[in-house]
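The values are calculated or read from the model by the stated rules, or taken from the named source; none is laboratory data. Please read these numbers as outputs of a predicted model, since none were measured by experiment. Note that each Cβ is placed from the backbone with ideal geometry, even for glycine, and that neighbours are counted across all protein chains shown.
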Amino acid sequence: MVIDDAGFDAIVAGGRVIDPANAVDAVCDIGIRDGRVAALAPVLPRPPGVTIHDADGLLVVPGLIDLHTHVYARATSYGVDPDRVALRAQVATMVDAGSAGAGTYAGFHAFVIEPARTRVLAFLNISFPGIFAFDRDVMVGEAAHLTLLHVPRCVEVARAHADSVVGIKVRLGGAVSGDLGLQALDKAQQAAAELGLPVMCHVGRPPPSYAEIVDRLRPGDILTHCFRPAPNAPVDDARKVLPSVRAARRRGVLFDIGHGMGAFGFDSAEAALADGFAPDTISSDVHGLSVDGPAYDLLHTMNKLLNCGMPVPDVVRTVTVAPARAIGRPQLGQLAVGACADLALFRLAEVALRFVDVTGAHRDSARLLKPAGMLRAGHWCDAQPRPWEFPRKADGG
Ligand SMILES: [Zn+2]
């Protein structure tokens, strides 16, 4: 490791650094200068004046990426404020999953991406208005009308916003895609192919079936809500992963959690994990109807998968390097020298907590990743309170 003489603005000292992109899992110091990672070594020199963030006993990981969020706050009824949710879950990058389409993206850029202190990227919806009527009382599908699925306008707006558009979003299932079903996916894939970007495809209630959808997905495409409960679960009645799902993974299709209010079931997750099928990416699908439970945020969702048996380094991979590569931003989610100094610190603690999935099923935690502060481009942010973290009531209490 080369350490130059310019010194550091800050050092994150003595934590267990887990950086899967660079095969690092070791106790070491990270030197920060000008908002970037300047050095990584077992022990760095600590001249007077340098800020020390003591990470003794903590996990230090690259800035988290939440691959599926809805943060078009105020312009959509279900959009949440990206900074508020990102701070409490210690997330560096929020990727919006199709809240805006070609007709509404300019507002998303001006009113959300530019003012946010959090890095916000987006999958552009193939549907012109984006997800425009997703509410407790009003649900109208944006992918059920062919006239809304306008490929040339989608391509044009994605090109105009190439700095923030990382892929094309489409939702399939039930009333969302209506009689069009897989035709909506065809349109999204047409646009994505012209752009050289991936499609993020939502699997909802059938039709179409889970297998019909994944059979169409191409290498690099992302299936979100991958561990949804039946109907349209990823496993069969014998709790084995569907052959179409395995074939899709072999082809390079990615499987994303996208918890949300209706798309994460412990039964599906536990069956898939027991059959050797872990998700490629963990994401929250945080929005107005999931931010106060059952999904809450990315960290809560990570803790659910941790307690389903995923090892800590695997959980870290699914929220750092894996989503970074999925969206074609390999400079994010890793801590090589020169990378943006987005880091998150966690304490792995034994905490009794009751997790609830979208069906109301519950599981009790054994371990919890608890926030211990984060760095955003080198700037320290204190850990924030989490609404979901509270002592579990005693049985019968
Ligand atoms: Zn969503």
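Working only within the stretch 301-314, note down all residues that are in contact (Cβ under 8 Å) with a residue 40 or more places away in the chain and assigned to a helix (DSSP H, G or I). Outline the logic, then answer.
Start the filter on the stretch 301-314 by keeping residues that are in contact (Cβ under 8 Å) with a residue 40 or more places away in the chain, which leaves 301-308, 312-313.
Hits for the stretch 301-314 are T301, M302, N303, K304, L305, L306, N307, V312, P313.
Going through the stretch 174-184 one residue at a time, which ones are of a type in the set (A, V, I, L, M) and away from the ligand (no atom under 16 Å from the Cβ)? First the steps, then the outcome.
So the first thing to find is which residues in the stretch 174-184 are of a type in the set (A, V, I, L, M), and the list is 175-176, 180, 182, 184.
Selection gives L180, L182.
Quick one: which strands (runs of 3 or more DSSP E) sit completely within the stretch 157-266 and have at least 3 residues that are touching an Asp or Glu at 6+ places or on another chain (Cβ under 8 Å) and farther than 23 Å from I65 by Cβ? Let's see the steps before the verdict.
Values: elements: 165-172, 199-203, 222-224, 254-256.
Those strands (runs of 3 or more DSSP E) do not exist here; none qualify.
Given the options P219, P323, P234, name the one that is crowded, with 24+ Cβ neighbours inside 10 Å, more than 16 Å from the ligand (Cβ to nearest atom) and either within 23 Å of L172 (Cα to Cα) or of a type in the set (S, T, N, Q) (or both). Explain how you work it out, then say what you get.
Values: P219 fails: crowded, with 24+ Cβ neighbours inside 10 Å; P323 fails: more than 16 Å from the ligand (Cβ to nearest atom).
Testing whether each residue is crowded, with 24+ Cβ neighbours inside 10 Å, more than 16 Å from the ligand (Cβ to nearest atom) and either within 23 Å of L172 (Cα to Cα) or of a type in the set (S, T, N, Q) (or both) leaves just P234.
Residue under question is I3, and the condition is that it be of a type in the set (V, I, T), at pLDDT 95 or above and surrounded by fewer than 19 Cβ atoms within 10 Å (Cβ to Cβ); does it hold? Spell out the reasoning first.
On the way: of a type in the set (V, I, T): yes; at pLDDT 95 or above: no; surrounded by fewer than 19 Cβ atoms within 10 Å (Cβ to Cβ): yes.
Answer is no for this residue.
Out of curiosity, is A86 more than 15 Å from the chain's Cα centre (by Cα) and more than 16 Å from the ligand (Cβ to nearest atom)?
Details: more than 15 Å from the chain's Cα centre (by Cα): no; more than 16 Å from the ligand (Cβ to nearest atom): yes.
Answer is no for this residue.
I want to confirm something. Restricting to the stretch 129-156 and keeping residues that are charged (D, E, K, R) and in a loop (DSSP other than H, G, I, E, B), which single residue is surrounded by the most Cβ atoms within 10 Å (Cβ to Cβ)? It would help to see each step written out before you state the result.
Step one: filter the stretch 129-156 for residues charged (D, E, K, R), giving 135-137, 142, 153, 156.
Keeping just the survivors that are in a loop (DSSP other than H, G, I, E, B) gives 135-137, 142.
Numbers: D135: 13, R136: 10, D137: 6, E142: 25.
For the stretch 129-156, the residue satisfying everything is E142.
Are any residues in the stretch 115-139 more than 15 Å from the ligand (Cβ to nearest atom) and polar (S, T, N, Q), and if so, which ones?
Scanning the stretch 115-139 gives a single hit, T118.
Restricting to the stretch 141-173, and then to whatever is within 16 Å of the ligand (Cβ to nearest atom) and within 21 Å of the chain's Cα centre (by Cα), can you tell me which residue is nearest to A324 (Cα to Cα)?
So the first thing to find is which residues in the stretch 141-173 are within 16 Å of the ligand (Cβ to nearest atom), and the list is 141-143, 166-173.
Filter once more, so that each one left must be within 21 Å of the chain's Cα centre (by Cα): 166-172.
Numbers: V166: 10, G167: 12, I168: 16, K169: 17, V170: 20, R171: 22, L172: 24 Å.
Only one residue fits best here, namely V166.
Exactly one of (1) of a type outside the set (A, V, I, L, M, F, W, C); (2) within 17 Å of F134 (Cβ to Cβ); (3) surrounded by 24 or more Cβ atoms within 10 Å (Cβ to Cβ) is unmet by P62. Its number?
(2)
In the stretch 333-365, how many residues are of a type outside the set (A, V, I, L, M, F, W, C), surrounded by 15 or more Cβ atoms within 10 Å (Cβ to Cβ) and modelled with pLDDT under 95? Full working, then the answer.
As a first pass, look at the stretch 333-365 and keep what is of a type outside the set (A, V, I, L, M, F, W, C): 333-334, 338, 342, 347, 350, 354, 357, 359-360, 362-365.
Next, only the ones that are surrounded by 15 or more Cβ atoms within 10 Å (Cβ to Cβ) stay: 333-334, 342, 347, 357, 359, 363, 365.
From the residues that got through so far, the ones that are modelled with pLDDT under 95 too are 365.
So the count comes out to 1.
Which of the following residues is farther than 13 Å from A233 by Cα, more than 14 Å from the ligand (Cβ to nearest atom) and touching a strand residue (DSSP E or B) at 6+ places or on another chain (Cβ under 9 Å): D280, D285?
D280
May I ask you to list the residues in the stretch 89-114 that are within 16 Å of the ligand (Cβ to nearest atom), of a type outside the set (A, V, I, L, M), surrounded by 24 or more Cβ atoms within 10 Å (Cβ to Cβ) and over 16 Å from the mean Cα position of the chain (by Cα)?
G101, F108
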